[in-house]
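The structure appears right after this line, and notes come after that.
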Amino acid sequence: MKPPKFEYVRASSVGDAVAALDEHGDGARILAGGQSLIPMMNLRLARPTHLIDITRIPDLDRVEEQADGVVVGAAARHSEVEGSEVARRVCPLLPEALKLVAHETIRHRGTVCGNLAHGDPHSELPAVAVALDALFTIAGSSGQRQVPATEFYFGPFMTAVGPSEMVTAVKFPAIPKSAGYAIAEFARTHGNFAVAGAVSIIELDAGGAVRRAAVSLFGLASQPLRASQAEQFLLGKIPTPEVIEKAAAAALEGVECSEDMHGSAAYRANIGRVYAARVISTAVARANGGEPK
Ligand SMILES: Cc1cc2nc3c(=O)[nH]c(=O)nc-3n(C[C@H](O)[C@H](O)[C@H](O)COP(=O)(O)OP(=O)(O)OC[C@H]3O[C@@H](n4cnc5c(N)ncnc54)[C@H](O)[C@@H]3O)c2cc1C
C-alpha cells in the first residue's frame with residue numbers, strides 16, 4: 001500500500017524544522033526514521049500534508065557522554081545507540097532494551113527519539129525513560145524547554161510535545177556501576193510489540209538492603225507507568241524472594257489495565273506482576289554481582 005499524497009520538506013536545522021511546523025500547522029509532521037509514521041500513512045491512520053525530514057540536520061544524530069548521563073540526539077537511530085560504546089558504558093539498560101525493539105532492519109532506520117515521541121504504550125523505550133528519569137529537550141518557535149519523562153506521557157500516543165514543537169534530544173542519566181538493572185517483556189513473537197513488560201534499576205547498601213529502587217511498567221495501560229508503591233515498599237528492605245513478590249504485587253495496585261485482542265485486563269495484570277518480579281529479581285542479582293551486566 002502507498003501513502004496518501006504529501007509534500008516532503010528537508011530541514012537543514014532545528015530552526016528550519018520548527019519554522020516548517022509553524023508554517024504548515026496541523027498537517028505537518030516530523031519525519032524521523034519513518035518506521036511508525038509511514039506504516040500509519042499506508043494504513044490511512046495518519047494523513048499529514050507535509051513531512052519535515054529531520055535526519056539530515058547536522059549533529060542531530062549525536063550519542064554523547066555528559067558528566068552524568070548520555071545524550072541521544074533526535075536523528076540517532078536505534079542501531080547507532082545499541083552499538084554505541086558510550087551508551088553501553090554509561091547507561092547499559094538502553095542498549096539492552098533496544099534489542100527488544102522490533103527487528104534489526106527496523107532498528108537501522110528508526111530513531112530513539114522518534115520512538116519516544118511516538119508514545120506507543122507498548123513500546124519499551126518510554127518505560128526505560130520513565131524508570132531512569134530521563135530528560136526530554138523540546139524545541140519550538142519560542143525556544144527550548146526541558147520536560148522530565150514522568151511528565152512527558154499523557155495517554156496513548158499523547159505527549160508533552162506541542163503542535164509546532166519537536167524533541168531535539170533525550171538525556172538518559174548514568175546507571176552507577178554498583179546498580180543492577182533489567183528489562184523483560186512478554187511478546188507473542190520476538191520483535192513484536194510487547195503485550196506487557198517491566199523495567200527496574202536497583203541499588204543496594206553495604207548491608208544488602210535496597211537503597212534506591214526504580215520500577216516501571218509498559219503495555220498495561222495507556223502510557224508507561226512508574227510503580228512508586230513498589231519502589232517505596234522495597235526501600236530499606238533486604239530483597240528476599242518474598243519481598244520481591246510483595247513489591248511486584250504493590251506495583252499493580254490501583255492500575256487499571258487495558259484489554260484488547262491480546263489479553264483481558266486480568267491477564268495483563270498477571271503478566272505485569274510476573275514481569276515486575278522478574279526484573280526486580282534480575283536487577284537485585286546484578287547489583288549483588290551475581291550475573292554479568
Ligand atoms: C514491524 C514493526 C515492528 C515494531 N516493533 C516495535 C517494538 O517492538 N517496540 C517498539 O518500541 N517499536 C517498534 N516498532 C516501531 C519502531 O521502533 C519505530 O522506529 C519507532 O516507533 C518510531 O521511530 P521513527 O524514528 O521511525 O519515527 P517516525 O516513524 O518517523 O515518527 C513516529 C512519530 O513520531 C513523530 N516524531 C518523530 N521524531 C520526532 C521528534 N524528534 N520530535 C517530535 N515528534 C517526532 C513523528 O511525527 C510521528 O508522529 C516497530 C515498527 C515496525 C514497522
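The values are calculated or read from the model by the stated rules, or taken from the named source; none is laboratory data. This is a predicted model, so every value here is computed, not measured. Glycine also receives a Cβ, built like all others from the backbone with ideal geometry; neighbour counts cover every protein chain displayed.
Table for the structure above
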read-out	value
So Ile52, is it farther than 19 Å from Pro95 by Cα, within 9 Å of the ligand (Cβ to nearest atom), in contact with a Pro (Cβ under 8 Å, 6 or more places away or on another chain) and at pLDDT 95 or above	no
The lone exception for Pro95 - which of (1) surrounded by 23 or more Cβ atoms within 10 Å (Cβ to Cβ); (2) without any contact (Cβ under 8 Å) to a residue 24 or more places away in the chain; (3) not small (Gly, Ala, Ser) it fails	(1)
Test: Pro58 is of a type outside the set (A, V, I, L, M), over 20 Å from His122 (Cβ atoms) and either away from the ligand (no atom under 14 Å from the Cβ) or assigned by TED's automatic domain parsing to the domain that holds Gly119 (or both)	yes
Every pair of residues 6+ apart whose Cβ atoms lie under 8 Å, when the first sits in the stretch 9-26 and is farther than 12 Å from Ser164 by Cβ while the second is aliphatic (A, V, I, L, M) and in a helix (DSSP H, G or I)	Val9/Ala20; Ala11/Ala17; Ala11/Ala20
Breaking point among (1) under 30 Å from Glu256 (Cα atoms); (2) touching a strand residue (DSSP E or B) at 6+ places or on another chain (Cβ under 8 Å), for Glu165	(1)
Helices (runs of 4 or more DSSP H) completely within the stretch 213-293 that count 1 or more residues being at pLDDT 95 or above, touching a Phe, Trp or Tyr at 6+ places or on another chain (Cβ under 9 Å) and of a type outside the set (A, V, I, L, M, F, W, C)	241-251, 265-287
Residue selected from the stretch 3-28 under the condition surrounded by fewer than 19 Cβ atoms within 10 Å (Cβ to Cβ) and part of a loop (DSSP other than H, G, I, E, B), by the criterion farthest from the chain's Cα centre (by Cα)	Lys5
Qualifying position, being modelled with pLDDT of 95 or more and assigned by TED's automatic domain parsing to the domain that holds Asp205, among Glu151, Glu165, Glu185	Glu185
Test: residue in the stretch 131-138 that is of a type in the set (Gly, Ala, Ser) and near the ligand (Cβ under 8 Å from one of its atoms)	no
Ser84, sole failed condition from (1) over 16 Å from the mean Cα position of the chain (by Cα); (2) buried (at least 20 other Cβ atoms within 10 Å of the Cβ); (3) within 14 Å of the ligand (Cβ to nearest atom)	(3)
Scope the stretch 1-41; condition more than 14 Å from the ligand (Cβ to nearest atom) and of a type in the set (A, V, I, L, M); matching residues	Ala19
Selected residue (only one of His78, His103 is in contact (Cβ under 8 Å) with a residue 60 or more places away in the chain and either within 11 Å of the ligand (Cβ to nearest atom) or more than 18 Å from Ile201 (Cβ to Cβ) (or both))	His103
Failed item, numbered, when Leu116 is tested on (1) more than 12 Å from the ligand (Cβ to nearest atom); (2) in contact (Cβ under 8 Å) with a residue 12 or more places away in the chain	(1)
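Residue-by-condition table, conditions (1) at positive phi; (2) away from the ligand (no atom under 15 Å from the Cβ); (3) among the basic types (Lys, Arg); (4) in contact with a Leu (Cβ under 8 Å, 6 or more places away or on another chain):
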| site | (1), (2), (3), (4) |
| --- | --- |
| Ala149 | no, no, no, yes |
| Tyr153 | no, no, no, no |
| Ala179 | no, yes, no, no |
| Ile183 | no, no, no, yes |
| Phe186 | no, no, no, no |
| Phe193 | no, no, no, no |
| Ser200 | no, yes, no, no |
| Pro224 | no, no, no, yes |
| Val243 | no, yes, no, yes |
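Condition check ((1) in contact with a Pro (Cβ under 8 Å, 6 or more places away or on another chain); (2) surrounded by fewer than 22 Cβ atoms within 10 Å (Cβ to Cβ); (3) of a type in the set (Phe, Trp, Tyr); (4) over 30 Å from Ile106 (Cα atoms)) across all residues:
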position: Ala198; (1), (2), (3), (4): no, no, no, no
position: Gly219; (1), (2), (3), (4): yes, no, no, no
position: Ala251; (1), (2), (3), (4): no, no, no, yes
position: Cys257; (1), (2), (3), (4): no, yes, no, no
position: Asp260; (1), (2), (3), (4): no, yes, no, no
position: Ser264; (1), (2), (3), (4): no, yes, no, no
position: Ala269; (1), (2), (3), (4): no, yes, no, no
